[in-house]
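Structure record follows, encoded as structure tokens.
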Amino acid sequence: LFTQQLGRGLRRAPNKSHLTVIDMIGQHRREFRFEERLRAILNPRRGRIKDQIEQGFPFLPAGCTVELDRMSREIVLENIRAAVGRRRWDALVRNLREAPELGLGEYLDRFELEASDLYKGGRSWAVLRRAAGVKCPPAADSEREQAMLRRLGRLTHIDDPERVAFYTEVLRAPEPPRLAGDERRRRLLTMLAWGLGSESYASLADFYEALWDERAVRDELVELLAALDERSRAAPRLSPLDPAIPLSVHARYTRQEVIAALGHAAGPKPKVTQGGILWVPEAASDVFFVDLRKSERDYSPTTMYRDYAINRELFHWESQSRQAPHQPTVRRYIEHARRGTSILLFVREHRRDDLGTAPFHFLGPATYVSHQGERPVAFTWRLQTPMPEELFEVARSVAAA
């Protein structure tokens, strides 16, 4: 009925310039979600929907405006806040009970959900299926299974087709994967194991033996990877790095995945690193981890570096606050081409997202262009592969902030 009414209002007529719609349909059912309607025109990668509403919709597509008076904005924000937590979980369970035949990807599409809606708070598809009374493989060890399921949300950033295809093939095999042999394959398996919580196992082989006992975890991960691949808008490219390094330019990775991919650590326990700069001797590479939008809560005044895109090929980056051009580390940056070392640039908009710590976009190797000043030293780097347009808009906008 609503669609018919709207369609009639949209009919063309002489001297009719616009249509005013007073839409109260959102009050029909309490579980109606304004967030899902607004997601059609708002890009979640530009920040949480709630934040964009509070800021007055700063990232709308060209020619599009949304105007909310104070009362309407409060209603929408309250609706979004109410959708979080137990009430939202009840809605997820109720939706699946209505359509128990759906797979994970079909379920997300049918109810216009993002993966973060399901995996927020350590939840999972298997837990949802059991809550809705839908058949699911039993756990071999319930405590172990729950620990693995809670970690699946950490893998929802995967958008590299190579990783999707390789992990899907491995997970569908009847036996655990062999860790010997091809180095690129071994590093990919290490990245997956670290994401799923292998640190409490004696070896990666022990972890994969345990994973193969938990059928529900493997089945869900296969479904999740397919759903992520179907929804991904990324177009990763093979990097010019050593073939043993399984990193694709413009794909997303966590810090731990980067460390595993570069061969900086191995085994079941991830190597812990902090800070925005990492020298990896195994790959002869300086790795820069950049947060484009820095908050005073997370950074001290001396670490609020100005890092931004000049254009799609040039990137402005600042060294640590106490560094000067004569210091050995800075000289290595400047002379990297002559010395045969690489500069690898990883960026993300914010430090955190809806599921916790946000992953980084790999911008690929960069080459030295120029530097100026000291404490910090301001560098200009040239990317071998131009930055994606969408990410460039974000990385450019921080320069004016």
| task | Hey, can you tell me all the residues within the stretch 362-377 that are assigned to a strand (DSSP E or B), buried (at least 16 other Cβ atoms within 10 Å of the Cβ) and not aromatic (F, W, Y)? | result | L363, G364, P365, A366, H371
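Just give me the residues in the stretch 317-346 being surrounded by fewer than 17 Cβ atoms within 10 Å (Cβ to Cβ) and under 25 Å from P388 (Cα atoms), in sequence order.
Selection gives A337 alone.
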| said: Can you list residue pairs whose Cβ atoms sit under 8 Å apart, with the first residue in the stretch 208-232 being over 22 Å from R186 (Cβ atoms) and the second being open to solvent by less than 60 Å² (accessible area, probe 1.4 Å) and of a type in the set (V, I, T)? Count only pairs 6 or more apart in sequence or on different chains. | reply: L224/T156; A226/V164; A226/T168; L228/T156; L228/I158; L228/V164; D229/V164
| message | Residues that are farther than 30 Å from I80 by Cα and either open to solvent by less than 70 Å² (accessible area, probe 1.4 Å) or under 24 Å from the mean Cα position of the chain (by Cα) (or both): does the stretch 108-129 have at least one? | response | no
| Leading residue by the ranking (surrounded by the fewest Cβ atoms within 10 Å (Cβ to Cβ)) among those in the stretch 71-93 that are farther than 15 Å from D51 by Cα and modelled with pLDDT of 80 or more | M71
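The values are calculated or read from the model by the stated rules, or taken from the named source; none is laboratory data. All of these numbers come straight from a predicted model, not from anything done at the bench. Counting neighbours? That spans all protein chains shown, and the Cβs are built from the backbone with ideal geometry, glycine included. The area values use the complete protein model at the heavy-atom level, side chains included, leaving out ligands, DNA and RNA. Shrake-Rupley method; radii C 1.70, N 1.55, O 1.52, S 1.80 Å.
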